[in-house]
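The values are calculated or read from the model by the stated rules, or taken from the named source; none is laboratory data. Please read these numbers as outputs of a predicted model, since none were measured by experiment. Cβ coordinates were reconstructed from backbone atoms using ideal geometry, including for glycine residues, and neighbour counts include every protein chain displayed.
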Amino acid sequence: MITESQLTVMKSALRKYGRKNQVIKAIEEFSELSAILSKYACHDLEKDGYDKELHDKIAIEMADARIMWEQLYELILPASTMIRVDKAIESQIHRLEDKIQNDKKP
Ligand SMILES: [Mg+2]
């Protein structure tokens, strides 16, 4: 959960570094998360065992991505759009639920 004081710091970052730099930073952080998730997907838990270092890196990249995600919310989405995002989440969750029920196990 993001606290009010954490949100204040994020808003300060937006003001200090500006829209363009923070959007570029968000792209970088999402790319870093993608890269570490690729490693996680390829990690063979049965063969290689639990990898604490990998999990620590994932936690850091998820935190970085979340921080940038919150800034994008502040930057891009006015309140009226947030309602649309909430509705989209609801419909996407229903879609995911249907997919889970209908897909065969990979
Ligand atoms: Mg990062």
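Can residue 45 be described as aliphatic (A, V, I, L, M) and at pLDDT 90 or above? The answer is no for residue 45. Of all residues in the stretch 20-36, those being of a type in the set (S, T, N, Q) and in contact (Cβ under 8 Å) with a residue 12 or more places away in the chain number 1.
Within the stretch 1-19, the set of residues being without any contact (Cβ under 8 Å) to a residue 24 or more places away in the chain, part of a helix (DSSP H, G or I) and aliphatic (A, V, I, L, M) comprises 9 only. Within the stretch 24-34, at least one residue is of a type in the set (S, T, N, Q) and modelled with pLDDT of 95 or more.
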